[in-house]
Each structure stands twice: as structure tokens, then as C-alpha cells.
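Reviewing the structure listed below.
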Amino acid sequence: MIKIIGAEREFEFQESGDSIVLGGKSVDYKIVNRGEGSFELTNGMETYAMDVVRADYSKKEFEIRLNGTLYSFKVKDRFDAMLKALGIEIKAEDIAEDIKAPMPGLVLSINVKEGTTVKKGETVLVLEAMKMENSIKSTFDGVVKSVLVKTGQAVEKNQVLIVFES
């Protein structure tokens, strides 16, 4: 059982073969992958164009465009429900993630080293891209496990710059 939480409503669904149980009602469907996050969804008589706009698996947050309408939602599975029942809730923003370069650029300065404790919002390094200095900030509180770049080093988009302890 998976719970989908959108801006306007919350519902549960369960997959069963070529159908899903949505709000206690069985719905037949077929999904055809058209490549690169684009799908065709058919539920018998109607066909929908579905595109994945954004998928953040670590935070379980997604955005899809269904027939031109954008939907944002979060997913909670049985493990989230079990943790909540035990009084343990792990917030997505508390999960340590590696810091990656948001764009190609040159590392101008590094403000942390292995073992440094950082707070959410703290600048960990400065990256120059397109003749502009960009402060790269931590999105959570954590401890630096390793710094994988050096000052003056050129980096590519999505290159891991800093690794945090998990």
C-alpha cells in the first residue's frame, strides 16, 4: 500500500497485476514507456500523456505532467507508516546527501574539511561559473566525510564535491 500526498488531497493505492486499487476501487491500466521520462497511460477507454518532470527519490517527491497539467506529490510507503507508528520520523531534509556541482565551473574556495560540522544553509564552497561566484550551501546539518575537490579545480555539472557522513 502506498500513500500519495498532493497539495489538494491524499489517497492510497495498491498495485495488483494490470490494475490498481484506488480508494477501494479497482482500475485497469496499461503504461507504455515512450522514453526519457515520457509515458502513455491507458485506463481502458482513455489515454493520457504523462511526463516525469522531477523525481527526487531520496525525498520521495515527484512532479508529473498529465495531459498538460502539472501535479506535485510526495509518496509514503509502509516503512514510513511503520516508523511513524514507532514514533520515529525521518524527515527528508535530515538525510545526508552528497553535495554536487549544480553547473560546470571552477572551485574558488573550500570552507570545510574532513570532520567539519556544518549547519543547514552554511556555505561549504564557492564555485565560479560564467564569471559569477556561486556560494554552494549545505541543505542539512551534518559532518563532512570527505572533500573530493581542490581549490582551482575545474568541475563538471553533477560532479560530487563533498561527501557527508550518513
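The values are calculated or read from the model by the stated rules, or taken from the named source; none is laboratory data. On a predicted model such as this, the values are computed, not experimentally measured, just so you know. Cβ sites come from the backbone with ideal geometry, for glycine too, and all protein chains shown count toward neighbours.
Within region 82-133, the residues that satisfy the criterion of being at pLDDT 85 or above, outside any strand (DSSP E or B) and among the hydrophobic types (A, V, I, L, M, F, W, C) are 101, 103, 112. When region 136-148 is examined, which residues are found to be at pLDDT below 90 and of a type in the set (S, T, N, Q)? The answer is 138, 139. Answer yes or no: is there a residue in region 60-68 that is of a type in the set (Val, Ile, Thr), surrounded by 12 or more Cβ atoms within 10 Å (Cβ to Cβ), at pLDDT 75 or above and not assigned by TED's automatic domain parsing to the domain that holds residue 140. Yes, the conditions are met somewhere in region 60-68.
Candidates in region 12-42 are the residues that are within 21 Å of residue 77 (Cβ to Cβ) and among the small types (Gly, Ala, Ser); of these, the one that is modelled with the highest pLDDT is 26. Restricting region 134-166 to residues that are part of a loop (DSSP other than H, G, I, E, B) and among the hydroxyl-bearing types (Ser, Thr, Tyr) leaves a set whose member that is nearest to residue 104 (Cα to Cα) is 151.
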